[in-house]
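Single-structure report; data block below.
Nothing in this text is a laboratory measurement; each read-out follows from the coordinates by a stated rule. This structure is a prediction, so every number in the text was calculated from the model and none was measured. Cβ sites come from the backbone with ideal geometry, for glycine too, and all protein chains shown count toward neighbours.
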Amino acid sequence: MTSSGTTVFNPSAADLIRTAFSRCARPELRGNVLTVEHLNTAAREANLLNVEWANRGYNLWKQETIQFPASTTLTQGIFQYALPATTLMVSMAWRETQPGVTGQTDIVMGPLSATEYKSISNKLQQGPPTSWWYDRQISPVMNLWPVPDNGGPYTAFCFAFTQIQDVVGPGGVTIDSPYRFLDAFVAGLAKRVAIHYAPERVGTPGNPWAGIPGQGLAGEAELAWYAATKADTNQRPLNLTPDFTGYYRL
């Protein structure tokens, strides 16, 4: 036997929505019997599923490198810079000097909590920025300390996790998720539409991380999410080497 030789499986959002309804195991929720109301409800729940995924943790395919401010360098004396409204979380930030030349230097800046930032007595002190506080407002901003001085120019970047694109049913468009999350999307959406149209199929989620099985569509959704998120990691070992030098006294 020979395999297909193709790797193009990427169903449209509409096809995934129909599959989610089919999992509810009711004849009136399959194929051509779905109404406009069914599809509109599913589209809303699909986008709420994206919100759930964003709240549950980082999604590596939505990690982007963002320059702030966009396409220009930091300004002397300015400590606060806007980030795109789609920014959900910042995991790392750094500044560059002399970008693109042999003498380019990248300096990683350290994160501050809100309490640590508010505890800085002189927030307008100027110098090469070494720290940042990400203020998660509707319009998110990065606060730098020390405030950029005239020793630059400094170019600032961050790794940010951003909002998943909207799910749109018509037009044959696909969802903004990679192959490894397709099953988790269908399973999660099936659980959500079942709340409206097949509540007896919802069940309980369980906890796959602790080996506790779930029931019904909620159990299937949690298991699919568990499998997808286990695969959505950077496969690098973590090595810790403690230094006991300071514990020895003569």
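Based on the Stokes-Einstein relation at 10 °C and a viscosity of 1.306 mPa s, and on the Kirkwood radius from alpha carbon pairs, region 60-162 is assigned a translational diffusion coefficient of 115 µm²/s. Taking 0.890 mPa s as the viscosity and 25 °C as the temperature, the Stokes-Einstein diffusion coefficient of region 9-60 based on its alpha-carbon Kirkwood radius rounds to 201 µm²/s.
Listed by chain and number, the lysines whose alpha-carbon sits under 26 Å from that of residue 230, ignoring those within fewer than 8 places in the same chain, are 62, 191. Rounded to two decimals, what ratio of Rg to Rh does region 114-182 give with C-alpha atoms and a Kirkwood Rh? That ratio is 1.21, to two decimals.
Placing R0 at 25 angstrom, the Cβ-Cβ distance between residue 179 and residue 22 gives a FRET efficiency of 0.75 after rounding to 0.05.
Would you mind ranking 191, 62 so that the residue whose beta carbon has the fewest other beta carbons within 10 Å leads the list?
Numbers: 191 28, 62 21.
The order, fewest Cβ neighbours first, is 62, 191.
A simple spin-label model places the labels of residue 15 and residue 35 2.8 nm from each other, with each point 7 Å out along Cα-to-Cβ.
Under the 0.36 nm per residue contour assumption, what length would be gained going from the current alpha-carbon distance of residue 227 and residue 2 to full extension? Spell out each step's value before the answer.
Details: separation 225, 0.36 × 225 = 81.00 nm, distance 2.79 nm.
Contour length minus Cα-Cα distance gives 78.2 nm.
Output needed: percent of Cα pairs per 10 Å distance bin for the chain, bins running from 0 to the one holding the longest distance. Taking all Cα pairs of the chain, the binned fractions are 6, 22, 23, 21, 16, 9, 2, 0, 0 percent.
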